[in-house]
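The values are calculated or read from the model by the stated rules, or taken from the named source; none is laboratory data. The structure presented is a predicted model; accordingly, all values stated were derived computationally and were not measured. Using ideal geometry, Cβ is built from the backbone for each residue, glycine included, and neighbour counts are taken over all protein chains shown. Side chains are part of the model used for accessible areas, which takes the heavy atoms of the whole protein and leaves out ligands, DNA and RNA. Shrake-Rupley method; radii C 1.70, N 1.55, O 1.52, S 1.80 Å.
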Amino acid sequence: MDAFQRDLVALLPRLRRFARSLTRSVTDADDLVQTAVERGLARRSQWRPDTSLASWMFTIMKHAWIDETRSRGRRGAVTAPPELAEGVADGGVADPLARTAVERAMERLPSDQRLAVALVLVEGLSYAEASKVLEIPEGTLTSRLVRGRTALMAELQGLGG
Amino acid sequence: MEISDQTLIAYLDGELPEAEREALEAALAADAGLAARLQAHQALADQVRAAFGGVADEPVPERLTAAVAARPVDSGNVVAFPSRRPAATRLWGGGTAIAASLAVGVLIGQAFLPRTVVGAGVIGPDMTARGALSQALDRQLASAPPVGPTAVKIGISFRSTAGPVCRTFRTNAVAGLACRRGDGWRVRMAVPTDPQAAGQGGYATAASAIPPEVMALAGSTIDGRPFDAGAEARAKAAGWR
């Protein structure tokens, strides 16, 4: 492996985490990472070494994920009604049920809000870097971020209440 | 003063400018309700981070590391020579000057093929692969590369969005992309390589390096993923159809 490939291998845990915050299952997440890795390798000459490889790969993953959700016939915004009587435990995220509640709440977000939340909250990107990855103005990023997080809060508080 | 969720969130994310930050902290100290709202946003952020944070600590599945590694690479002290725009000196041997029209160095599709490229023996004037290149495309697997300085190197193989199987290749003279057509191979892109680079400055040519223009074409043509070793073997067994 050359330096580019070694850097890519070092990124795999972060790419998996980003994918997991977007997709429904571990398998889907790893499939998304694999697709993105292969596209990244095929297009490696397009990456400028003075820029963030992680951000470049996140952008590739965004496009791959949107292609995938489109081809599955989904429209982004999932409007399934909240499940009742889930018996979800409260608070402590060491509890696997509570983790599932967050995942379910993320799945209910429209795709553009989910991407914003995943990049900023999960991956810790700055607003400037996240808006570059998503190829949107920073103002658009912050409004999607705020809408996504207030929606998550309402959903998770409702379940815990 | 009404403080928005956006301000609270920006503050939590470290994105609030200094002046606004001081004003907000003063307001938080004075307003228990505002502090409770901030607390709620903090709790949500912690909850989301905790839900996914552990993923980065998981062992990475083998297939992902393999996907990164599944490429021909430069090894050790080998330097990848960029595909060079040839000067007016011979590239193919035989003392033939390169025509000015070759200065671009990239031959795509139906472009006119100068006799010098044809003279190298591996690409015909109709852009079909010939000789050693044709044989290598038919028989060689990337997973079993031959040795020797005159050997043809095969890079990746894949199904193109147009349908045919395509393979990247590199010889002493030329590197490029060829796609299956009928019983033969049509060269979709050919880039001169520089055999004079061998032995310069203590470095050997990166014998397996496919030039970036070729990889860019491959990337825009590929349908899905490059073949792994198993898929490549199956494609060969099926006559690359």
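Can you pull out every residue in segment A:109-142 that is open to solvent by less than 40 Å² (accessible area, probe 1.4 Å), more than 9 Å from chain B (Cβ to nearest Cβ) and assigned to a helix (DSSP H, G or I)? Hits for segment A:109-142 are A:Ser111, A:Gln113, A:Arg114, A:Leu115, A:Ala116, A:Leu119, A:Ala130, A:Ser131, A:Val133, A:Leu134, A:Leu141.
Note on segment A:36-61: among residues that are of a type in the set (S, T, N, Q) and over 13 Å from B:Ser220 (Cα atoms), the one that is nearest to the chain's Cα centre (by Cα) is A:Thr59.
Search segment A:1-43 for residues being open to solvent by less than 10 Å² (accessible area, probe 1.4 Å) and more than 7 Å from chain B (Cβ to nearest Cβ), and hand back the single one that is farthest from A:Glu103 (Cα to Cα). It comes out as A:Gly40.
So that you can scan it fast, the table gives a plain yes or no per residue for (1) within 14 Å of chain A (Cβ to nearest Cβ); (2) surrounded by 12 or more Cβ atoms within 10 Å (Cβ to Cβ); (3) at pLDDT 95 or above:
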position	(1), (2), (3)
B:Glu20	yes, yes, no
B:Ala51	yes, yes, no
B:Asp57	yes, no, no
B:Gly93	no, yes, no
B:Ala103	no, no, no
B:Ala129	no, yes, no
B:Leu133	no, yes, no
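The number of residues in segment B:22-44 being open to solvent by less than 80 Å² (accessible area, probe 1.4 Å), assigned to a helix (DSSP H, G or I) and away from chain A (no Cβ under 14 Å) comes to 8. In this structure, A:Leu145 does satisfy being modelled with pLDDT of 95 or more and within 9 Å of chain B (Cβ to nearest Cβ).
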